[in-house]
Amino acid sequence: MPYTPELKELIKAVERTRSERVARKRDGDEFAMMSLDERQAILERHHPDYRGEGRRSLRVGANKGYTIPDEFADLFEARSRVEPDAVDLSAADIETDVLVIGGGGAGTAAALLAEEQGASVVIATKLRHGDANTMMAEGGIQAATKTEKDSPYFHYLDVVGGGHFKCTPELVRTLVTQAPDVLSWLENLGMMFDKEPDGRMNSIHGGGTSRKRMHSAGDVTGMEIMRTIRDEARNRDKITVVEFVPAVELLLDEKGRCGGALLYNLDTEEYFVVKAAATVLAAGGSGRLHIQGFMTTNHYGATGDGLVIGYRAGVELCHLHTVQYHPTGSVFPEQTEGLLITEKFRGAGANLVNANGEQFVNEREPRDVESAACIRECLDRTLGVATPTGKLGVWLDSPMIDQLSGEGTVRREFPGKFILFDRHGIDISKEPMLVYPTLHYQNGGLKIDAAGATSVPGLFAAGEVTGGIHGENRLMGNSLLDVLVFGRIAGKNAAVFAGEHGTVGNLSLDHVRAYHRELEAAGIAEGAVAPMVLPDYTDPRVRQRQLTSHYLGTLR
Ligand code: MEZ
């Protein structure tokens, strides 16, 4: 749907102030950045993470007493999808050296490096290989490649500052020092990065970066990364990919070592036992939990399954009290609701402006601060713009980009979004986009060390399911980097572990039995089950009529 006549009328306020804002930007006369105190104040008043309601203390598991959003707590306080006594673990359906759970960026990178160590690898993925948040990431990947002005040192400082000084130092050190090598690795595998005419890589700013180190492939960087590494994995003899089989529990042996997982076939509803000498958990994030009712940028399968099965197996959580709301999720047209409008638009100079056409925040504040400013503008100052269905948003003034960098820049640099909005009759090089914060990233997750190992022997983890790297707030472009850096490390170390430790003992679900006993002791009522596997958007009136004797949670 194109903009309605009413919205077109409101766009005139943006147009009226545009040439002055473009001129200011050309002169380097930027909207003032907030001081640290101002940032803290706006976060405390307007960021959803700081609301008291909608969160509670966990009553079970290694992090008992830890206060996290209700949506996460609901998952951790649910029973397994399977009744442990009903599962026959005496014979494995699949045996492999390394099992990788998840077919996104982290899982695929892990599989490649594990295979290079000589291991046989099975990638088990919930949907299709590549259906993951990696595929959805748009604007870029950070790495300090321009060493005349940048270095991993500056990258480190930006990550730690952006994460409110809560990041785990050795994880950040690993992230930033391996970043340039990861970009070379991608190029050698055939990734097409945006380049300058002289062959050097393009690099621009992102929110919270002190140097220009965002490297991209148009506004489909994640898709290009996923294409590259997925093709490579599909061409390796010792990597087998099994699709539509979410992992619903990890399996441990009598010594507490992880020995594989129980998979659920979405087509046939059968369970399969995979026995593996080492396992990499790379099951991704959880945007489909729609924390605090927010829309999301995440892919359909992002339901936090990895968190649940890892936590039940005894891995501690960290930083899960914060989640990331990307400042610019689409609110119009309706069909695009929640969809990521990449930060690269702001990196390329587009201002965020309110209903009066006034810029209200510097467009390069860290994401949480930028989101809080958008929420304040709409809810507190009531200077947002209402869509025909009553949603609120602020304008992202994309036409500024062509004025700053030349006609055709938006079309060339943002092909994904240009084509999408064009289909709805909106030319984003001429008309601004209406945006509002959207649930984007799980800042925290399962604890790992710099070798990608969890506290459970034989269990490694990488990507969005883990926590610690980004502290309480991730900067743009560090997630595509994190999945590759830590995916590679976890895959390599899982293969080494498999080689050194050989076959696992007898597989069991005793840890699930113990977890069930803990739930009962805490007086938590039966009923809810996790992992969720797929989100449920069924109308509650319809759901009431769907109950059958085997209806369990969200998946029948
Ligand atoms: O790192 C991200 O989340 C990312 C690249 C998002 C974006 O705005 O494009």
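The values are calculated or read from the model by the stated rules, or taken from the named source; none is laboratory data. Not measured: the values here are computed from a predicted model. Backbone-built Cβ (ideal geometry, glycine too); neighbour counts: all protein chains shown.
A few notes on this one:
- The residues of the stretch 227-251 that are out of contact with any strand residue (DSSP E or B) (no Cβ under 6 Å at 6 or more places or on another chain) and either aliphatic (A, V, I, L, M) or at pLDDT below 95 (or both) amount to a single one, Ile229.
- Given (1) at pLDDT below 95; (2) in contact with a helix residue (DSSP H, G or I) (Cβ under 6 Å, 6 or more places away or on another chain), index of the condition Phe460 fails: (1)
- Qualifying residue in the stretch 474-488 (condition: over 14 Å from the mean Cα position of the chain (by Cα), crowded, with 23+ Cβ neighbours inside 10 Å and more than 16 Å from the ligand (Cβ to nearest atom)): yes
Condition check ((1) touching a helix residue (DSSP H, G or I) at 6+ places or on another chain (Cβ under 7 Å); (2) surrounded by fewer than 24 Cβ atoms within 10 Å (Cβ to Cβ); (3) among the aliphatic types (A, V, I, L, M)) across all residues:
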site: Asn265; (1), (2), (3): no, yes, no
site: Thr268; (1), (2), (3): no, yes, no
site: Tyr271; (1), (2), (3): no, yes, no
site: Lys275; (1), (2), (3): no, yes, no
site: Gly306; (1), (2), (3): yes, no, no
site: Ile341; (1), (2), (3): yes, no, yes
site: Asn356; (1), (2), (3): yes, yes, no
site: Glu363; (1), (2), (3): yes, no, no
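- Residue within the stretch 376-391 that is surrounded by 24 or more Cβ atoms within 10 Å (Cβ to Cβ) and within 16 Å of the ligand (Cβ to nearest atom) present: no
- Qualifying positions in the stretch 142-180 - outside any helix (DSSP H, G or I), in contact (Cβ under 8 Å) with a residue 24 or more places away in the chain and charged (D, E, K, R): Lys146, Lys149, Asp150, Lys166
- Taken over the stretch 284-318, the criterion of being over 11 Å from Phe72 (Cα atoms), away from the ligand (no atom under 16 Å from the Cβ) and assigned to a loop (DSSP other than H, G, I, E, B) is satisfied by Tyr300, Gly301, Ala313, Gly314, Val315, Glu316.
- Within the stretch 181-201, being touching a Ser or Thr at 6+ places or on another chain (Cβ under 8 Å) and part of a loop (DSSP other than H, G, I, E, B) holds for Gly190, Met191, Phe193, Asp194.
- Verdict on Glu464 being loosely packed, with under 15 Cβ neighbours inside 10 Å, charged (D, E, K, R) and either within 16 Å of the ligand (Cβ to nearest atom) or more than 29 Å from Arg227 (Cα to Cα) (or both): no
- Criterion (assigned to a loop (DSSP other than H, G, I, E, B), within 16 Å of the ligand (Cβ to nearest atom), touching a helix residue (DSSP H, G or I) at 6+ places or on another chain (Cβ under 9 Å) and not acidic (Asp, Glu)) met by exactly one of Gly118, Gly139, Gly130: Gly139
- Within the stretch 489-514, the set of residues being buried (at least 21 other Cβ atoms within 10 Å of the Cβ) and outside any helix (DSSP H, G or I) comprises Val504, Leu507, Leu509.
- Residue within the stretch 421-435 that is among the charged types (D, E, K, R), buried (at least 20 other Cβ atoms within 10 Å of the Cβ) and at pLDDT 95 or above present: yes
- Any hit, the stretch 198-205, residues being crowded, with 20+ Cβ neighbours inside 10 Å and more than 16 Å from the ligand (Cβ to nearest atom): no
- Val496 meets each of the listed conditions (1) under 25 Å from Thr134 (Cβ atoms); (2) away from the ligand (no atom under 16 Å from the Cβ); (3) modelled with pLDDT under 95 apart from (3).
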